[in-house]
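Everything on this sheet refers to the single structure shown next.
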Amino acid sequence: MKDIIVAKRYALSVLYNIGEDNLAAFIDEVKYIKAVLDQNTELYNLLKSKIVSIHDKLEFFETIVNDLEHKEIWLSFFLVLMPKQRGDILQQILDEIIKNAYLSKNAKAVKLTLAYDHDEDTILKIAKSIEKQIGYKIIYQVSIDKSIIGGFIAKSEDFCIDASVLGNLNKFVNQSITDKV
Amino acid sequence: MNIHPEEISSIIRNKIDNFKFDIDVNETGKIVQVGDGIARVYGLEHVMAGEMVLFPNDIYGMALNLEQENIGCIVFGDCKYIKEGDIVKRTGRILEVPVGEAMLGRVVDPLGQPIDGKGDIKTDKYLPIERKALGVIDRQPVKEPLQTGIKPIDSMIPIGRGQRELIIGDRQTGKTAIAIDTIINQKGKDVVCVYVAIGQKRSTIAKLVDTLDKNGALAYTIVVCASASDTPSMLYVAPYAGCSMGEYFRDKGQHALIIYDDLSKHAAAYREISLLLRRPPGREAYPGDVFYLHSRLLERASKLTDKLGGGSLTALPIIETKAEDISAYIPTNVISITDGQIYLSSRLFYSGIRPAINPGLSVSRVGGNAQIKAMKGVVGQLRLDLAQYNELEAFSKFGSDLDKTTRSQLRRGERLIEILKQDIYNPLPVEKQIFIIFMANEGYLDEFELNKVALIEEDLFTLLDSKYSEFTAEMIKYKITDQTKEKMHEICKEVIAHFN
Ligand SMILES: Nc1ncnc2c1ncn2[C@@H]1O[C@H](COP(=O)(O)OP(=O)(O)OP(=O)(O)O)[C@@H](O)[C@H]1O
Ligand SMILES: [Mg+2]
């Protein structure tokens, strides 16, 4: 968990090299690399491994980033990361890059959990109300979880909004237990 | 007890009717590291210093270190229920404790939760544990006495309500005994007492609560207990929590007394926390703000102006010294903050002089104004005579031939020391103290052997109780006049007559 702090430093220094105009494209690249690593766990394990030589790792990594616009930046970033044996926090660094890029545009990534599927309009309304609460724009990702019964839960790195029926029922039970009758 | 199903369902229905669906918005962070009662949290960017945070399993913590990339919290509870990666929530509140009349007679932990098995404490009043000490305009000098019921203290080191008087001495010299006697002596005097036990054994605390109960003192006392087995964070907040409980009564215009037993262990707990939080260590490895730790606590003791109700909070902090070294870091700090100290010496204690107060090293810087006039009238010579006696005693060990005045001075001194002895848990009302000191000062005891003194004292007290209770009640109200003195001489003679 301490790695978050280290990851944030790497992320900020990578972002430092990206211009404002290229940010959106760069984030797409980050997401792409993330997806590749997610899908190819063996590849990621190789990158993390302390036995594989740096040279070999670089070759693997190059195959991933070869077609990307910011190839140079990615490769030099990788060259800094690898000798320090920090391959294991690559995923976290990518997460931090996304988070900090959003933050620089005054936005936050939010995981929005709903009890069942809503239409676009309703979700947009919910998103608007969350934006009002936290004072940031949100970039959300919807997931469905029937167990919350109704309402929504919005979770991000640094806040949690619980407007679910489940949460309220839990609160009701807790209050009834602690209240003196 | 009869339980009616209809009643219960109506209560539940009522609850459901009144329940409001609301949205819980929380700022959250993640635990980076946890252990030793300390947690480091990533996130929570807007958290305030001293703010309460909520860990999973309803465990609370307090943010102490706000650093660039993480915050350091102390944890009030078992760290084993918290793990890395857990979510931490801000509460937006400063740590508060329940206060009020319902706390009286109870034993609570530093967060105000009962630990005496007598059920819930029903109070809806809360105060933050860290409150700013009152300003200059809100205070007035101490003027009413706080009777401890202990002869050497009430006569030579008088304590006033609103004063801070340090009790200092080695281990096992009767420090706690003085504090407990003082609490017992507040019976019927409308003084609420708070006893904060910091880092003591649970068995000791249980015994102490039992003593208070047996002496009928528990009813007006709150015992705040952070025992040796509690985490350092609990020990750290205990005195502040106790102080807030006392301040509640002070702010209502009542009088309160608080005892911190003891602040050496409090400082050690704070040192532990600070080192774990990686604050730079200073002298004796205490952190730089260890002075402020105690000064801000003791500054909260005060006597309010009449406009604010005239209430008071008297503080009796206790410090344990090692090998009588009062120039160590913490003792010197606390001595400089308080309005005087009662110094207990183990040499005196083991030579049978109990309470083992050393009058030469003890002072009360402000209590003199608060001492009752009648007492002032009789103690005049006491301190001087004792000092003289101590000097002569050392001297007399060398030579055998002493002149008559020296011999009589020695004799007087021995008797003064004898009458200042007092049994534990046996506080004396002030009129009796005045009488016995008067008797010794006037030389009535000089002709008797030392082992008779205790008997004469006992006889005097029975006589006062049986025949002269009205006179003594009047006597302590005013300055001692020649007329009263005459009457006092008469009574003394009456006692002496029993023994000739
Ligand atoms: N005035 C007294 N007369 C007789 N015995 C006393 C008196 N005062 C204290 N004692 C006894 O001395 C012992 C130590 O007293 P006490 O616990 O008050 O000391 P302490 O300084 O608080 O010790 P500690 O350092 O362990 O906290 C106890 O057994 C107590 O009964
Ligand atoms: Mg003690």
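The values are calculated or read from the model by the stated rules, or taken from the named source; none is laboratory data. What you see is a predicted model; the values in this text were computed from it and never measured. Every residue, glycine as well, gets a Cβ built from its backbone with ideal geometry; the counts of neighbours run over all protein chains shown. Accessible surface is based on the protein model in full, side chains and every heavy atom, while ligands, DNA and RNA are left aside. Shrake-Rupley method; radii C 1.70, N 1.55, O 1.52, S 1.80 Å.
Observations on the model:
- Residue pairs whose Cβ atoms lie under 7 Å apart, sitting 6 or more positions apart in sequence or on different chains, and linking a residue in segment B:204-222 that is within 22 Å of residue B:249 (Cβ to Cβ) to a partner that is outside any helix (DSSP H, G or I) and charged (D, E, K, R), are B:216/B:187; B:217/B:187; B:222/B:106.
- Scanning segment B:320-335 for residues that are of a type in the set (A, V, I, L, M, F, W, C) and open to solvent by less than 70 Å² (accessible area, probe 1.4 Å) returns B:326, B:328, B:330, B:334, B:335.
- Residues of segment A:7-22 that turn out to be open to solvent by 30 Å² or more (accessible area, probe 1.4 Å) and closer than 16 Å to residue A:91 by Cβ, as a count: 3
- Residue B:221 being open to solvent by less than 10 Å² (accessible area, probe 1.4 Å) and of a type in the set (S, T, N, Q): yes
- Boolean, residue B:183 is in contact with a Cys (Cβ under 8 Å, 6 or more places away or on another chain), within 16 Å of ligand 2 (Cβ to nearest atom) and over 20 Å from residue B:338 (Cα atoms): no
- Applying the set (1) within 15 Å of ligand 2 (Cβ to nearest atom); (2) at positive phi to residue B:216 leaves exactly one unmet item: (1).
- Single match in A:79, A:114 (criterion: touching a helix residue (DSSP H, G or I) at 6+ places or on another chain (Cβ under 9 Å), not assigned by TED's automatic domain parsing to the domain that holds residue A:152 and not acidic (Asp, Glu)): A:79
- Qualifying residue in segment A:30-42 (condition: crowded, with 18+ Cβ neighbours inside 10 Å and among the hydroxyl-bearing types (Ser, Thr, Tyr)): no
- The C-beta contact set for segment B:250-266 (first residue more than 14 Å from every other protein chain (Cβ to nearest Cβ), second residue away from ligand 2 (no atom under 12 Å from the Cβ) and basic (Lys, Arg), distance under 7 angstrom, 6+ apart or interchain) comprises B:255/B:161; B:256/B:250.
- Within segment B:186-213, the set of residues being within 13 Å of ligand 2 (Cβ to nearest atom) and among the small types (Gly, Ala, Ser) comprises B:197, B:199, B:203.
- Scanning segment B:235-271 for residues that are open to solvent by 10 Å² or more (accessible area, probe 1.4 Å), touching an Asp or Glu at 6+ places or on another chain (Cβ under 7 Å) and in a helix (DSSP H, G or I) returns a single hit, B:264.
For (1) open to solvent by less than 20 Å² (accessible area, probe 1.4 Å); (2) in contact with a Lys or Arg (Cβ under 9 Å, 6 or more places away or on another chain); (3) not small (Gly, Ala, Ser), each residue gets a yes or a no:
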site: A:68; (1), (2), (3): no, no, yes
site: A:84; (1), (2), (3): no, no, yes
site: A:93; (1), (2), (3): yes, yes, yes
site: A:125; (1), (2), (3): no, no, yes
site: A:134; (1), (2), (3): no, yes, yes
site: A:137; (1), (2), (3): no, yes, yes
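- Of the strands (runs of 3 or more DSSP E) entirely within segment B:1-107, those holding at least 1 residues that are open to solvent by 20 Å² or more (accessible area, probe 1.4 Å) and within 12 Å of chain A (Cβ to nearest Cβ) occupy B:24-35, B:38-43, B:51-55, B:87-94.
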